[in-house]
Amino acid sequence: MLETVNLTKDYQVGQETVRALRGVNLAVSQGDFLVVNGPSGSGKTTLLNLIACIDAPTSGEVLIEEMAVSKLSEGRLAELRREKIGLIFQTFNLIPVLSAYENAEYPLLLLKLSRLERQRRVNALLEEVGLADMQKRRPDELSGGQRQRVAIARALVTNPKIVLADEPTANLDSDTGAQVMQIMRRLNEEHKVAFVVVTHDPVVTQYAKRMLRMRDGKLVET
């Protein structure tokens, strides 16, 4: 489903070269729920950005369903992001002027689906995350946990192969964070979609099927 091969990422900060990733090898299968744990600055978000095709590696390769990302055109890369990858951010990244329904529907507008098909998918997922009765509310009318549930619905609405979650509990209290993780784990089981979650929150590791630790730009088994 997903593989990284000798992935490196360097950043130039003034005269200094910062080695954010150092030869990361990773394999993720369908239905996996992988948690990558590590402190701030260890390279977790950098890894997620490369897998999400938001950034390009200094060297190495990302393969999604055996397709080498570096060999894809910009158009094909945009297609891959739309159709294969769902993203969940710690800051939710919802559009303030849109309702919960409209935020969840937004990725589907790029897929040229019929209105009825969009409606079917959005309604089903908002039901699954427990927000069927809050479809018309805007983000500022929702709690942090409810906003993150909308973000989960949005990430899954395109039927992606992989969902990438960057610190999904960082802006939530512990009880709400646990509820959000339970929802993600259940949807992982029901939809058979692979989840890669990066976090420094030790509570999140309880929900992992598999766990790796990132330290100084390298992945280590735990």
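Things worth noting here:
- Residue check, Arg81 out of contact with any His (no Cβ under 6 Å at 6 or more places or on another chain) and within 19 Å of Phe195 (Cβ to Cβ): yes
- Test: residue in the stretch 179-202 that is assigned to a strand (DSSP E or B) and of a type outside the set (A, V, I, L, M): yes
- Criterion (more than 26 Å from Leu34 (Cβ to Cβ), without any contact (Cβ under 8 Å) to a residue 60 or more places away in the chain and surrounded by 14 or more Cβ atoms within 10 Å (Cβ to Cβ)) met by exactly one of Val150, Val122: Val122
- Residue list for the stretch 148-171, restricted to those being charged (D, E, K, R) and under 19 Å from Val203 (Cβ atoms): Arg149, Asp166, Glu167
- Checked against (1) over 17 Å from the mean Cα position of the chain (by Cα); (2) part of a helix (DSSP H, G or I), Leu125 passes all but a single condition, namely (1).
- Remark: Val196 falls outside the filter, which requires a residue to be of a type in the set (Val, Ile, Thr) and without any contact (Cβ under 8 Å) to a residue 24 or more places away in the chain.
- Residues that are in contact (Cβ under 8 Å) with a residue 40 or more places away in the chain, surrounded by 14 or more Cβ atoms within 10 Å (Cβ to Cβ) and in a helix (DSSP H, G or I), drawn from the stretch 128-143: Glu128, Pro139
- Residues of the stretch 9-31 classified as free of Cβ contacts under 8 Å to residues at least 40 places away in the same chain and closer than 23 Å to Ala68 by Cα, total: 2
- Every condition in (1) closer than 25 Å to Arg154 by Cα; (2) at pLDDT 95 or above is met by Asn49 except one, and the failing one is (2).
Results for (1) at pLDDT below 95; (2) buried (at least 21 other Cβ atoms within 10 Å of the Cβ), shown as yes or no for each residue.
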| site | (1), (2) |
| --- | --- |
| Leu164 | no, yes |
| Ser174 | yes, no |
| Gly177 | yes, yes |
| Glu190 | yes, no |
| Phe195 | no, yes |
| His200 | yes, no |
| Met214 | yes, yes |
| Gly217 | yes, yes |
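- Of all residues in the stretch 1-11, those that are assigned to a strand (DSSP E or B) and either among the hydrophobic types (A, V, I, L, M, F, W, C) or within 18 Å of the chain's Cα centre (by Cα) (or both) total 5.
- Taken as a whole, the condition of being at pLDDT below 95, surrounded by fewer than 17 Cβ atoms within 10 Å (Cβ to Cβ) and in a helix (DSSP H, G or I) does not apply to Glu117.
- One residue from Thr91, Thr158 being over 19 Å from Val198 (Cα atoms), touching a residue at least 60 places away in the same chain (Cβ under 8 Å) and not hydrophobic (A, V, I, L, M, F, W, C): Thr158
- The one condition in (1) crowded, with 20+ Cβ neighbours inside 10 Å; (2) of a type outside the set (Gly, Ala, Ser); (3) at pLDDT 95 or above; (4) not in a helix (DSSP H, G or I) that Thr169 fails to fulfil: (3)
- Residue match in the stretch 148-166 (condition: touching a strand residue (DSSP E or B) at 6+ places or on another chain (Cβ under 8 Å) and of a type in the set (Ser, Thr, Tyr)): yes
The values are calculated or read from the model by the stated rules, or taken from the named source; none is laboratory data. Note that the coordinates shown come from a computational prediction; the quantities given were computed from them, not determined experimentally. Please note: Cβ atoms are built from the backbone with ideal geometry, for glycine as well, and neighbour counts cover all protein chains shown.
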